[in-house]
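Here is the structure we will look at, set down as structure tokens.
The values are calculated or read from the model by the stated rules, or taken from the named source; none is laboratory data. All of these numbers come straight from a predicted model, not from anything done at the bench. Here the Cβ is made from the backbone with ideal geometry for all residues, glycine too, and neighbour counts use every protein chain on show. Ligands, DNA and RNA are stripped out before the accessible areas are found, and what is left, the full protein with its side chains, is counted by its heavy atoms. Shrake-Rupley method; radii C 1.70, N 1.55, O 1.52, S 1.80 Å.
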Amino acid sequence: MILIFLSITYSADLIKFYPDEKRVVLMGNAEVVDRDLKVNAQLIEYLTEEKRMIAKGNPVLYSGEKTIYAERMEYNLDKKVGVIYNGKTKTEKGWFWGKKVYYTDDHSLYIIDGRFTTCDKDPPHYFFYSPRIRVEPDRDIVASNVFLLIMKIPVFYLPFWMSPSGKKRKSGFLAPSFGSQSYGGRYIKNIGWYQTLGEHSDITFWIDYYTSKGVMPHVEFRWLGMGKSSINLYGDYIRELSGRERWKINGDGSFLLPVGIKGRYRIDYASDRELYADYVPGEVTPIIQDAEAYAEFTKSVTNGNLDLLLRRKKNLSTGEESGVMPSFTYTFYNIRVGPISIGGKIPYQRNIDGECFLYPGVSFSMSNSLFPLNFSGSFHIDGYHASNTVDSLPYTGYHYSYSFSVNTRIYALSTFGLFMFKRFRFVYTPSIGYSFSPPGDSVELLPGTPFSIPGGSKGLNIGLGILWQAKVNSKRMDLVSIRTGTSYDYENNQFRPITISASSNPTKDLNIGFSTTYNLYEKIFSSRNVNISCNGKFSLDEKKYKFSLRYSLTFDDSTFNQAADISADLPITKKWSGSISTHYDFRLREFQSTKISLERDLHCWKIALSYNKFGTSWDYGFTLSLKGIPEVKLEKNTLRFLFP
């Protein structure tokens, strides 16, 4: 039976009216619909004067995208508020239960004696309990006196918790972490706040407290604009208890300025080279060698491109600084005059020491074919002017160079096949070239400066490429590619050693390479290098395995070195998975580095174990974390005092 009253629709197997009591009772598959709200239950009682609905018998409330299951619920259709008893609802991150849940007209929930979990088991393996929880859709979740219970045993407590809800980014508190490390002692990290600044930017403030060093504040700003525009900036600072001040700032980004100017920047500066190693513990703690910052701007114009570069670099070990402030380059687009292509550029550079350099250049190049030969050639000339040099003398001059080459292709086709190969084809590519530049001594030209003019040289280059191919069915396969070449040394009147390289890809997952040089006069090979790489995957008992092998061999008449890198992903059981990577030195007969990782799926939790070894140093770690909320985790550093 269906009954429509104003905007409210009722339906049930049986509907009873009690006019004197101003009451309507719906029994059996009862349903009440009021605009975007719908309630289903076995029994629904509607008080017409109060516009209040009481639902019993597994009631379910649907409001927008939210669904609430309950034991019993009361709802005022006029005020859009209600009370739910023993209610349960699903959010984006998990399930909420509440002994008593107040539902408001803005779809917010106020939960008394509430529980939250990402576990879909009943009863759940774990849950968070709070006597009071507030859930505001697309805003945040706030709870007080929060307990974490695993198998109904309390294991952790927080006096207050706040977390964003919904799919959009939300401002909120960060999840702190606790632990201990060798340099800073015991610590509390990530005590801070994340703040959204509209749809395209955000900023995060937090502090880390170290018992033996002090407080380190951090700030991070991010902006993502249209296209590929972005800005990322991060900085931190600490004045250690000893009085030592330490800091770092880094970031990168790209952006589009008015009139079509494109820019990008990168900065990576720190107070000292050991900062990362001291405060960023992990498998690898890098030692900062250089601090660097640069900004680059480019602008396309009618006939070319403008580039402006600002760069500064500091060696943190020696304190030596270098850089350009600024470097400006105007590059002309290539133009063609018949078969000749003409291009050029005008670079200007001012070093941070005040030295100034101007070195414009122009180049001419051409390529043509006259069957069966292919010709190419180029001519390049540079001018230069230097001022404010270390010896206070100006320098002006020019330098030029030219080159040309010719090559061809020769094909040879077999008249027979072998096994799966129907035919074989050889492609020979011989080439010869000549290059020349007049002599010049750049050291005497500009003493003590980084500016250099290429020295004189001339060379005759000879090369040969060989490609061995085969035809399999209707497809062509490259079996082996060989490249060899040499050049003539006019200064010593002899040919330089011949370079020889070969590669083969029998399959897409297998690559074999070889390289060496041969001295024509001493009739000996230099060191030979062999590299083999193989990647593969296969399935066994519905488990997918992956592996990778890298083998390298270097040898000559007196030495023989070989090493192998092996990695594999191993699904051990349905719940256990692992991975291993190692580097083995055959000469030392030892594994120089090894990393082993194991992971156990604990349904709503996971545990990760790791072992890392490099040389004589080793470390291990473990992490127990929630799969649905990875910020909730227990690590080795958290309980460092319990472990060696």
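Listing for the model above:
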quantity	calculated
Segment 157-193, residues that are in a strand (DSSP E or B), aromatic (Phe, Trp, Tyr) and either touching a residue at least 24 places away in the same chain (Cβ under 8 Å) or surrounded by fewer than 15 Cβ atoms within 10 Å (Cβ to Cβ) (or both)	Tyr157, Phe160, Trp161, Phe178, Tyr187, Trp193
Residues of segment 53-74 that turn out to be open to solvent by 10 Å² or more (accessible area, probe 1.4 Å) and either in a strand (DSSP E or B) or closer than 27 Å to Ser163 by Cα (or both), as a count	12
Test for Ile381: is it without any contact (Cβ under 8 Å) to a residue 40 or more places away in the chain and either loosely packed, with under 13 Cβ neighbours inside 10 Å or closer than 30 Å to Leu310 by Cα (or both)	yes
Residue within segment 204-226 that is charged (D, E, K, R) and surrounded by fewer than 17 Cβ atoms within 10 Å (Cβ to Cβ) present	no
Wholly enclosed strands (runs of 3 or more DSSP E) of segment 579-644 bearing at least 2 residues open to solvent by 40 Å² or more (accessible area, probe 1.4 Å) and modelled with pLDDT of 90 or more	590-602, 605-614
Among (1) at negative phi; (2) among the hydrophobic types (A, V, I, L, M, F, W, C); (3) surrounded by fewer than 17 Cβ atoms within 10 Å (Cβ to Cβ), the one test that Met151 misses	(1)
Restricting segment 443-474 to residues that are over 28 Å from Pro347 (Cα atoms) and modelled with pLDDT under 85, the residue that is surrounded by the most Cβ atoms within 10 Å (Cβ to Cβ)	Val472
Hey, Glu21 of a type in the set (Asp, Glu) and more than 52 Å from the chain's Cα centre (by Cα) or not	yes
Residues that are open to solvent by 50 Å² or more (accessible area, probe 1.4 Å) and part of a strand (DSSP E or B), drawn from segment 422-433	Arg423, Arg425, Phe426, Tyr428, Ile432
Close pairs (6 angstrom Cβ cut-off, 6 or more residues apart or separate chains): touching a residue at least 12 places away in the same chain (Cβ under 8 Å) and acidic (Asp, Glu) in segment 111-139, surrounded by fewer than 19 Cβ atoms within 10 Å (Cβ to Cβ) and in a loop (DSSP other than H, G, I, E, B) anywhere	Glu136/Ser108; Asp138/Gly166
Residue in segment 508-524 that is least open to solvent (accessible area, probe 1.4 Å), counting only those that are within 19 Å of Cys534 (Cβ to Cβ) and outside any loop (DSSP other than H, G, I, E, B)	Gly513
Count - residues of segment 475-501 that are closer than 30 Å to Pro438 by Cα, polar (S, T, N, Q) and either surrounded by 16 or more Cβ atoms within 10 Å (Cβ to Cβ) or under 42 Å from the mean Cα position of the chain (by Cα) (or both)	4
Residues located in segment 15-65, provided they are of a type in the set (Val, Ile, Thr) and closer than 20 Å to Tyr85 by Cβ	Val25, Val32, Val39, Ile44, Ile54, Val60
Hey, Lys88 free of Cβ contacts under 8 Å to residues at least 24 places away in the same chain, open to solvent by 50 Å² or more (accessible area, probe 1.4 Å) and within 21 Å of Arg132 (Cβ to Cβ) or not	yes
Residues within segment 85-129 that are in contact with a Leu (Cβ under 9 Å, 6 or more places away or on another chain) and in a strand (DSSP E or B), tallied	12
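Residues are listed down the side, and each one gets a yes or a no for (1) of a type outside the set (Phe, Trp, Tyr); (2) under 44 Å from the mean Cα position of the chain (by Cα):
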residue: Gln42; (1), (2): yes, no
residue: Leu47; (1), (2): yes, no
residue: Lys56; (1), (2): yes, no
residue: Arg72; (1), (2): yes, no
residue: Tyr75; (1), (2): no, no
residue: Val83; (1), (2): yes, no
residue: Gly87; (1), (2): yes, yes
residue: Asp113; (1), (2): yes, yes
residue: Thr117; (1), (2): yes, yes
